[in-house]
Amino acid sequence: MNPISLAGIDGQHLWGFLTALGSLSLLDEHARERTIDSPRLAFRADGTAVLWSPVSQEALATVLLDKMKALQPFLDVALADINKPSDFNRSNYETIARASVVPTVNLLAGLACVVGEEASESTLCAANGASHQNLVQSMRDVLKLVEVEHIRTALFEPWKRAYRVPDDKRKELKLGTRKPTLRLDPSDERLYALRLSNPTTTDDFSTELGAQALAIPAFALLPVVPGKQPVTVASKRSRQRVTFSWVLWNVPAGLRAVRSLAWAGAGRPSEQRERGVFAAFSADRISGAKGKLSFAPSQGVW
């Protein structure tokens, strides 16, 4: 396998890191189905993701899109009545889990967990219903809009965040005022006072659609951990603020090793460095007015 530089993906930022995880997860599933060499992931000193891939660079975007589209039936059918993770309760969560296979069970565990009768959402969820943005609904919208060229540019070109939903697609999919975003990008939170237009009456939202799509399968690698106040693995909660942390490594690692590194978060630097880790980062999920959530820009931890 030859290393492929994913020039569009910067793991120093939360959205970029989740996009890298999602890409590795999809390609690993493809490799297991085809009984070919498993992919590995590492990062350069500047945060650029590098993928050791069993498929060529030319074929990579198509392979990832095909595996991604396989998630659509689960989102469209099994989760048809779920728009955001807090829509789960014990009854519907357990019913969906029993009818799911391993990949979709993992995604379910990454969206929410149930303690008692109520569901606790992923702490990577910032699309919690405020401003008509709902995480699961957004996942459905993104997968219906994304095409292979969006994946290719997200992987190999600097992110321009230039995609806008075409009018015909907005009408066809009945999107209304919904935006195709998981709200992992700090720039999604553009306050009224800093805008030239009113976001409730204008449609000027733009994003990197392929990166939105590639981040979806990353949720399946980061389950919500049950507890008194459940949080996504590698997250810490302090009052209204949740902090998610992650590391970057320069030794090519397969999916199992990557999952272990992701679950460990930024703790124990000396032990992490022995595993090829060279940097750690964190991002805060913060609460705004009327319960609106957003992610602050990423910060270096060590």
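The values are calculated or read from the model by the stated rules, or taken from the named source; none is laboratory data. Since the structure is predicted, the reported quantities are computational estimates derived from the model, not experimental observations. So basically every Cβ, Gly included, is an ideal-geometry build from the backbone, and we count neighbours across all protein chains shown.
How about segment 232-263: which of its residues are among the aliphatic types (A, V, I, L, M), out of contact with any Phe, Trp or Tyr (no Cβ under 9 Å at 6 or more places or on another chain) and not in a loop (DSSP other than H, G, I, E, B)? Within segment 232-263, V242, A253, L255 qualify. When you go through S38, S23 one by one, which is the residue that is in a loop (DSSP other than H, G, I, E, B) and hydroxyl-bearing (S, T, Y)? Unique residue meeting the criteria: S38.
Of the residues A49, A80, A59, which single one is touching a Gly at 6+ places or on another chain (Cβ under 9 Å) and either crowded, with 17+ Cβ neighbours inside 10 Å or not basic (K, R) (or both)?
Numbers: A80 fails: touching a Gly at 6+ places or on another chain (Cβ under 9 Å); A59 fails: touching a Gly at 6+ places or on another chain (Cβ under 9 Å).
Being touching a Gly at 6+ places or on another chain (Cβ under 9 Å) and either crowded, with 17+ Cβ neighbours inside 10 Å or not basic (K, R) (or both) holds for just one of A49, A80, A59, which is A49.
On inspection, D81 does not qualify as assigned to a helix (DSSP H, G or I) and at pLDDT 95 or above. Checking each residue of segment 204-219 against the condition of being assigned to a strand (DSSP E or B) and at pLDDT 95 or above gives at least one match. The set of residues in segment 176-203 being assigned to a helix (DSSP H, G or I), modelled with pLDDT under 90 and surrounded by 14 or more Cβ atoms within 10 Å (Cβ to Cβ) consists of D188 alone. Applying the selection to segment 1-20, what residues are modelled with pLDDT under 95 and not in a strand (DSSP E or B)? Result: M1, single match.
Condition check ((1) aliphatic (A, V, I, L, M); (2) farther than 25 Å from F295 by Cβ; (3) within 20 Å of the chain's Cα centre (by Cα)) across all residues:
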{"site": "V102", "(1), (2), (3)": "yes, yes, yes"}
{"site": "E118", "(1), (2), (3)": "no, no, no"}
{"site": "A127", "(1), (2), (3)": "yes, no, yes"}
{"site": "Q133", "(1), (2), (3)": "no, no, yes"}
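State yes or no: is S91 without any contact (Cβ under 8 Å) to a residue 24 or more places away in the chain and outside any loop (DSSP other than H, G, I, E, B)? When the stated conditions are applied, S91 passes them.
If we keep just the residues of segment 128-160 that are outside any helix (DSSP H, G or I) and either at positive phi or free of Cβ contacts under 8 Å to residues at least 60 places away in the same chain (or both), which is surrounded by the fewest Cβ atoms within 10 Å (Cβ to Cβ)? Here the residue is K160. Given the residues L75, L51, L79, L64, which is the only one that is touching a residue at least 24 places away in the same chain (Cβ under 8 Å) and closer than 22 Å to V277 by Cβ? After ruling out the rest, the residue left standing is L51.
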